[in-house]
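The values are calculated or read from the model by the stated rules, or taken from the named source; none is laboratory data. Treat the numbers as computed from the prediction; the structure is a model and nothing was measured. Here the Cβ positions follow ideal geometry from the backbone for every residue, glycine too, while neighbour counts run over all protein chains shown. The protein model used for the area step is the full one, side chains on, heavy atoms only, and it has no ligands, DNA or RNA in it. Shrake-Rupley method; radii C 1.70, N 1.55, O 1.52, S 1.80 Å.
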Amino acid sequence: MWKRLFSAFALIAYGALLIKFVVFKAIPIIHIGHLKFKFSGTHTGPANFVPFKTIRPFLSGRGNHLIAIVNLAGNIVPFVPIGFLVPFIYRKMTWQKSLALAVGVGLVMEGMEVVFRVGIFDVDDILLNAIGVMIGYWIFVLFVQRMRPHLRSS
């Protein structure tokens with residue numbers, strides 16, 4: 001009971017932070033040595049409905065590798081906790097349901113960017129967000145598998 005309640009609270013709090021930082025880009029300029037990364041501000045341009053159009057150059061090694069890593073990781077890593085926390089709350093979570101959740105979360109985030117006019121719709125962001133949620137789900141599955149023997153022996 002407490003585990004589910006704590007997980008629900010953590011998921012709600014994390015979701016609010018995720019919306020603040022991903023949708024509204026409330027990340028200041030980050031300085032790493034002489035490099036500056038600016039994540040805030042609105043993005044303009046046409047929407048992307050073609051899968052892999054914006055990430056293909058990153059995946060093929062063209063362009064700046066540091067920007068590629070930041071873009072790919074920045075669209076995957078923040079969504080991992082969602083995939084990890086939801087199965088604590090909804091115990092009947094399967095990989096299929098997790099995949100539906102993953103795509104839904106990405107769609108909601110991209111939709112919010114469009115509705116609030118703080119970004120452009122990019123299907124590649126949905127794919128990367130979904131990968132993050134699925135990684136979180138598989139981490140949960142591995143975590144449960146590792147903990148089962150310990151729970152049975154105690």
What are the pairs, 6+ residues apart or on separate chains, where a residue within the range 1-22 that is under 20 Å from residue 108 (Cβ atoms) has its Cβ under 7 Å from a residue that is open to solvent by less than 100 Å² (accessible area, probe 1.4 Å) and assigned to a loop (DSSP other than H, G, I, E, B)? 20/26; 21/27
How about the range 5-30: which of its residues are modelled with pLDDT of 70 or more and either farther than 18 Å from residue 116 by Cβ or touching a Leu at 6+ places or on another chain (Cβ under 6 Å) (or both)? 5, 6, 7, 8, 9, 10, 11, 12, 13, 14
Any chance residue 53 is modelled with pLDDT of 85 or more, open to solvent by 50 Å² or more (accessible area, probe 1.4 Å) and either in contact with a strand residue (DSSP E or B) (Cβ under 9 Å, 6 or more places away or on another chain) or more than 26 Å from residue 139 (Cβ to Cβ) (or both): yes
Taking the residues in the range 106-128 that are under 12 Å from residue 23 (Cα atoms) and among the β-branched types (Val, Ile, Thr) as candidates, determine which candidate is modelled with the lowest pLDDT. 118
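Kindly check whether there is at least one residue in the range 140-153 that is in contact with a helix residue (DSSP H, G or I) (Cβ under 7 Å, 6 or more places away or on another chain) and either at pLDDT 90 or above or under 24 Å from residue 21 (Cβ atoms) (or both). So that I can check it myself, show each step before the final result.
To start, the set of residues in the range 140-153 that are in contact with a helix residue (DSSP H, G or I) (Cβ under 7 Å, 6 or more places away or on another chain) comprises 140.
Of the ones still in play, those that are also either at pLDDT 90 or above or under 24 Å from residue 21 (Cβ atoms) (or both) are 140.
Yes: one or more hits.
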